[in-house]
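K.L.:
I'd like to ask you about the structure that follows.
What follows is calculated from the coordinates using simple rules that are stated; it is not laboratory data. It should be emphasised that the depicted structure is a prediction, and the values quoted were computed from it without experimental measurement. Cβ atoms come from the backbone with ideal geometry, glycine included; neighbour counts cover every protein chain shown.
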């Protein structure tokens, strides 16, 4: 039996939401933990200030996850390949970048009790965490995830099975977080790269999306997920090949844009770190000169 879907409009994409219980629970849990940490810092004596910009970044990241999984984008991700692609971009690039800039691990270490701090420290130094946060592993996960999804039977299965679909979303989010934490995350993690290496790490990931976009574009004559997308009855929008070409353009264009923005963030962090180091050296020099005069 074929499904009949109306054309997506601003109203259907932005206002007609549906609940994804698993992702909704995850978002609420993460928000409660983060805001609880900020509150505990503020209640300490003396109070400790947590930057409002980091809190805003974390909440914006969670909101991006909500938009990708609860809004009209989720309703149409099995209708249009292009919207499916945009959903994955939000989960794998936008949300992880915002979460990485909010320093949740640093907040957890500062706001928790000593026993919890020791547990978190042991977890961060666990060999499994060390492997996952290794730059080479994070790079392969981030770049290879989309290839593995789109050009394997997993793609069709994720369109047909709700639980697999959610698992794929979670994987995209985790892979994106690993990449973002290594590239420009504020938290201290194993294998922390110096800023020149971070910039190279980001730039080397840019071609992945161009290659993926070309691969998806070349496969447009035999559309991905054609059995599922073709089962939707619609008299609007582009056909399956044309819609896949739009998705391929998104992967290429937005992927390259993400690489440029990530590179700019790394450069800004590099400059800020150099300025902080220079100020420290100036203070040491001033103190040394003062001691010589006394």
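K.L.:
Could you give the length gained by full extension between residue 24 and residue 261, i.e. 0.36 nm per residue of separation minus their alpha carbon distance, to one decimal place?
P.N.:
Roughly 82.5 nm would be gained on extension.
K.L.:
May I pose another question? With an 8 Å cut-off on Cα pairs and a minimum separation of 6 or more residues, tell me the relative contact order of the chain in percent.
P.N.:
Here the relative contact order equals 22 percent.
K.L.:
Please order 151, 184 by the number of other Cβ within 10 Å, starting at the fewest.
P.N.:
Lowest to highest Cβ neighbour count: 151, 184.
K.L.:
If neighbour count is taken as other Cβ atoms inside 10 Å, put 275, 16 in order from fewest to most.
P.N.:
275, 16
K.L.:
Using a 10 angstrom cutoff on alpha carbons, build the Gaussian network for the chain and name the most mobile of 249, 36, 263.
P.N.:
Result for the chain, Cα springs under 10 Å: 36 fluctuates most.
K.L.:
Can you give the relative contact order of segment 107-239 as a percent, counting alpha carbon pairs under 8 Å and 6+ residues apart?
P.N.:
Averaging sequence separation for qualifying contacts and normalising by length gives 29 percent for segment 107-239.
K.L.:
Here's something else I'd like to know. Starting from the Cα-Cα distance between residue 49 and residue 154, subtract it from 0.36 nm times their residue separation and give me the gain in nm to one decimal.
P.N.:
My answer for the length gained is 33.3 nm.
K.L.:
Give the angle, between 0 and 90 degrees and rounded to the nearest 10, that separates the Cα long axis of helix 21-43 from the longest principal axis of the Cα atoms of the chain.
P.N.:
20 degrees
K.L.:
In whole Å, largest first, what are the principal axis extents of the Cα atoms in segment 143-223?
P.N.:
That gives 43, 29, 13 Å along the principal axes, largest extent first.
K.L.:
Tell me, what is the FRET efficiency for residue 227 and residue 35 to the nearest 0.05, using R0 = 30 angstrom and their Cβ-Cβ distance as r?
P.N.:
Efficiency at R0 = 30 Å is approximately 0.10.
K.L.:
Moving on. Extension gain residue 164-residue 218, at 0.36 nm per residue separation less the Cα-Cα distance, in nm?
P.N.:
16.8 nm is the gain from fully extending residue 164 to residue 218.
K.L.:
Rg and Dmax of segment 1-157 over Cα atoms: what are they, in angstrom?
P.N.:
19.0, 65
K.L.:
Any chance you could give the angle, 0 to 90 degrees and rounded to 10, that helix 114-124 forms with the longest Cα principal axis of the chain?
P.N.:
For helix 114-124, the angle is close to 60 degrees.
K.L.:
To continue, here is another question. Which value at 222 nm does the chain reach when only helices count, each DSSP H run of 4 or more adding -39,500 (n - 2.57), with the total divided by all residues and rounded to the nearest 500 deg cm²/dmol?
P.N.:
Rounded to the nearest 500, the figure is -24000 deg cm²/dmol.
K.L.:
Round to a whole angstrom and tell me the spacing of the C-alpha centers of segment 46-67 and segment 112-141.
P.N.:
22 Å
K.L.:
How big is the convex hull of the Cα atoms of segment 3-276, per residue, in Å³?
P.N.:
So the per-residue Cα hull volume is 136 Å³.
K.L.:
Taking the simple approach of a point 7 Å from Cα along Cα-to-Cβ for both residue 110 and residue 129, what is their distance in nm?
P.N.:
Here the answer is 1.8 nm between the modelled labels.
K.L.:
With labels modelled as points extended 7 Å from the Cα through the Cβ direction, what inter-label distance (nm, one decimal) is found for residue 60 paired with residue 195?
P.N.:
Each label point is offset 7 Å from its Cα along the Cβ direction, giving 2.1 nm.
K.L.:
Which FRET efficiency value, to the nearest 0.05, do you get for residue 118 and residue 188 by plugging their Cβ-Cβ distance into 1/(1 + (r/R0)^6) with R0 = 22 Å?
P.N.:
According to the calculation, E is roughly 0.90.
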